[in-house]
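What follows is a short report on a single structure.
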Amino acid sequence: MEGFEKIELVSPSPKTNSASKTSQPVTQTTPSQRSRRSGEMGISRFGKLAAFVRFRNKKVGVGLLILTIIVLVLIIIPALLTFFSAKRTYAQVNATIAALKKQDIEATHKELEKTRESLKDTQNKLKLLFVMKFIPGPNIYYSDATHLVNAGFYGLDAADVFVESVEPYADILGLKGQGSFVGGPAEQRIETAVKTMGKVTPRIDDIVDSLKKAQAEIAYVNPNDYPAFILGGKVRQGMVTLRTLSDDGTNIIDQARPFIKVLPSLLGEPEEKKYLILFQNDKELRPTGGFLTAYAIFRVNKGIVHVERSEDIYVLDDSISGKEKAPESILKYLPKVPVLHLRDSNLSPDFQESMKVFRKLYDKAGRSVDVDGIIAVDTHALVAAMNVLGDIEANGQTYTTKIDERCDCPQVIYALEEFAGIRVQYIRSDRKSIIGDLMYAIMTKAFSSSPKLYWGPLIQTAFGEISQKHILFSLEDKDAMEGLLAVNAAGKILPFEGDYFHLNETNFGGAKSNLFTDQNVLQEITIGEDGTITKKVTVNYKNPHKPSNCNLEAENSLCLNAPWRNWFRVYVPKGSKLKDSSGSEVKMTTYTELGKTVFEGFLTVRPLGIGRLTLEYVLPFKLEKGSPLPLMIQKQGGTADDEYTIKVNGKEKEKFVLDTDKTLKLDL
């Protein structure tokens with residue numbers, strides 16, 4: 001309107017003055033302009049934020065990269081290096097074991113040196129993982145690995161001492177290696193070796209000390225730290241096995257120390273030793289392994305064995321006067337034998353207890369001589385030695401281990417039974433001392449040959465026969481007996497915390513029916529809700545062979561296969577209660593002996609027949625839920641190839657041939 005000035009509604013900027021107002025007039029902004037300005041300001045802010053995020057992400061990325069590099073450098077790469085080094089060390093250990101199995105003492109020495117170098121490399125690689133000991137969780141496994149490596153070095157120390165001790169005797173022991181006794185006849189080399197053995201045997205202390213240090217390192221490892229889902233529980237089980245082997249092996253060698261230290265003395269250095277060798281005919285089974293059919297007196301002088309006398313057991317038995325009344329078992333099952341003969345004295349399943357009775361009678365014999373100990377062997381040990389040496393010539397006859405169709409057994413076994421004749425209620429005066437002659441021929445062949453040819457396999461065979469109770473010892477030297485007990489070479493009924501089982505059988509029939517009878521044992525264990533343990537044991541017998549002609553009037557007849565009149569005893573944990581039984585032809589009796597509860601009975605197994613014994617009993621203790629059941633099964637001397645099956649709550653847990661004493665932990 002005329003006469004009025006236009007009024008601007010926009011407020012002036014506080015920073016403007018009047019001059020600026022006149023020179024730079026303020027204009028009004030439209031809504032679209034304000035929107036653009038706000039958008040521009042937003043874009044500016046977003047850009048700054050984006051830039052900040054980009055910068056931050058860049059920092060995070062750099063941080064992650066640095067962390068990855070740290071993990072790679074400090075953990076992953078060292079872990080891979082350690083893994084592959086440990087793998088090489090494991091392969092090297094196997095190479096060392098392979099050399100030892102080949103009995104190559106020189107190669108074993110070299111492989112041990114390589115193993116030590118490989119283990120040092122693993123140790124150095126493991127040290128690169130030092131950061132692991134600061135991380136909770138993984139620090140446990142780092143510590144375990146460190147302890148296991150340390151244990152490995154201690155184990156190598158023990159192995160080095162052993163190899164260094166044995167190396168001079170390589171040729172004597174039949175091992176591959178030059179040895180120190182390569183010159184002269186075999187007997188002279190043995191004598192020289194035995195004379196020097198006393199300087200070596202004390203080193204067993206060094207071996208045991210190293211093994212104990214290794215055992216202490218392994219003890220730090222807790223198998224429960226390794227979850228069962230890792231490799232199906234194989235890692236955990238491996239740790240359990242390692243600890244068990246370490247503990248058992250160390251304890252056995254530690255306990256065997258006294259025996260090893262007195263070994264030179266037992267071999268007749270410096271003074272001669274004399275031993276009574278008892279031959280147990282395991283084909284006519286008796287409690288300690290077989291009928292005592294023959295004996296020999298051996299002298300050992302600086303390792304050289306001499307046969308002083310070899311006779312049938314009846315000759316020695318006849319020189320005893322004033323025999324005492326036979327025990328109840330003989331009066332009951334051998335009613336025509338009113339007195340206790342030397343040949344029937346091994347009635348206890350504990351070899352040491354039986355030998356106490358034997359020695360008491362032996363000392364009364366007119367033909368007895370003082371001896372430093374008794375060593376019992378059976379036909380299984382004899383055949384095992386001949387499998388190494390081959391055919392043996394004795395008394396103008398050749399003995400072999402080839403199968404004889406007349407008994408479906410080695411020819412030497414049939415020859416032994418043929419010489420022994422029919423062991424019924426009378427004595428033949430024309431028996432020949434074939435056992436002593438065979439033993440002498442075996443030793444002659446072994447000594448007259450190259451040590452490298454036979455001695456190593458013979459020594460290995462002897463250790464195997466001892467572990468299977470085909471060779472048993474009862475010596476006068478207390479230190480030696482402590483060592484023999486430690487390696488289970490004394491035929492003892494052992495104490496045990498947990499379930500225990502020992503089936504002991506006796507052939508009171510006079511024939512050799514154990515040559516033809518097979519048997520197997522089934523143990524069915526049932527665990528009740530309250531932890532009560534009930535066992536059902538079934539023993540199945542089978543004799544698939546025809547009976548022999550046991551008519552005493554028949555000319556050229558040999559009574560081998562006849563009814564097995566089996567007086568049996570089952571040794572179980574003391575306090576066990578018998579619930580039910582079947583198969584015994586007499587009323588079962590229960591009593592306590594040798595720290596065990598015993599179930600006793602009698603049954604007969606005939607040629608072309610079968611038999612079955614069943615026992616059901618309750619153990620004297622209950623099992624805590626989730627706990628394994630410890631079980632020891634002790635083998636009877638003289639037995640072989642008996643198959644055992646163990647079931648728990650109807651599920652098969654174990655199946656094996658009982659060739660040695662066996663200890664199990666049944667996971668329920």
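The numbers here are math on the coordinates, done by the rules we state, and not lab data. Just so it is clear, the structure is predicted and the values come from calculations on it, not from any experiment. Using ideal geometry, Cβ is built from the backbone for each residue, glycine included, and neighbour counts are taken over all protein chains shown.
Points worth noting:
- Filter on LYS625/LYS655; LYS273/LYS492; LYS283/LYS536; LYS587/LYS655; LYS261/LYS283 - keep pairs with C-alpha separation over 26 Å: LYS283/LYS536; LYS587/LYS655; LYS261/LYS283
- Note on the range 499-666: with charges restricted to the Cβ of Lys and Arg (+1) and Asp and Glu (-1), its dipole about the Cα centre is near 320 debye.
- Global form of the range 438-516, assessed from the alpha-carbon gyration tensor, a/c cut-off 1.5: oblate
- Cα shape, the range 61-261, gyration tensor, a/c 1.5 rule: prolate
- Between the range 323-385 and the range 87-126, the Cα center-to-center distance that results, in Å: 49
- Spatially proximal lysines relative to LYS323 (Cα-Cα < 19 Å; intrachain offsets below 8 disregarded): LYS332, LYS336, LYS356, LYS360, LYS364
- Centroid-to-centroid separation of the range 251-284 and the range 576-596 [C-alpha atoms, Å]: 36
- Across the range 141-149, rounded Karplus estimates of 3J(HN,Hα) from the backbone phi angles (6.51 cos²θ - 1.76 cosθ + 1.60, θ = phi - 60°) give 6, 5, 5, 4, 4, 4, 5, 5, 5 Hz, Gly and Pro being marked x.
- Of interest is the spacing of the C-alpha centroids, which for the range 509-537 and the range 290-313 amounts to 37 Å.
- Footprinting exposure proxy ranking of GLU465, GLU643, fewest other C-beta atoms within 10 angstrom first, gives GLU643, GLU465.
- Loop trypsin sites (Lys or Arg not before Pro), the range 551-635 (other Cβ atoms within 10 Å of the site Cβ: 16 or fewer; DSSP): LYS574, LYS587, LYS625
- Shape analysis of the range 232-295 places it in the oblate category; the axes a ≥ b ≥ c from the Cα gyration tensor give an a/c of at least 1.5, with a/b not above b/c.
- Distant-in-sequence amide contacts of LEU666, defined by a placed amide H-H separation under 5 Å and a gap of 5 or more residues or a different chain, comprise LEU629, LEU631.
- Charges were assigned to the Cβ only: +1 to each Lys and Arg, -1 to each Asp and Glu. The resulting dipole of the range 186-227 about its Cα centre is roughly 200 debye.
- Unit charges at the beta carbon, dipole of the range 61-261: most positive-side option, THR241, SER143, LEU81: LEU81
- Considering only ILE297, VAL383, PHE351, the residue lying farthest towards the positive end of the dipole of the range 273-486 is ILE297, judged by Cα position with unit charges set on Cβ.
- Residues THR250, THR461, sorted so that the one with the fewest Cβ neighbours within 10 Å comes first: THR461, THR250
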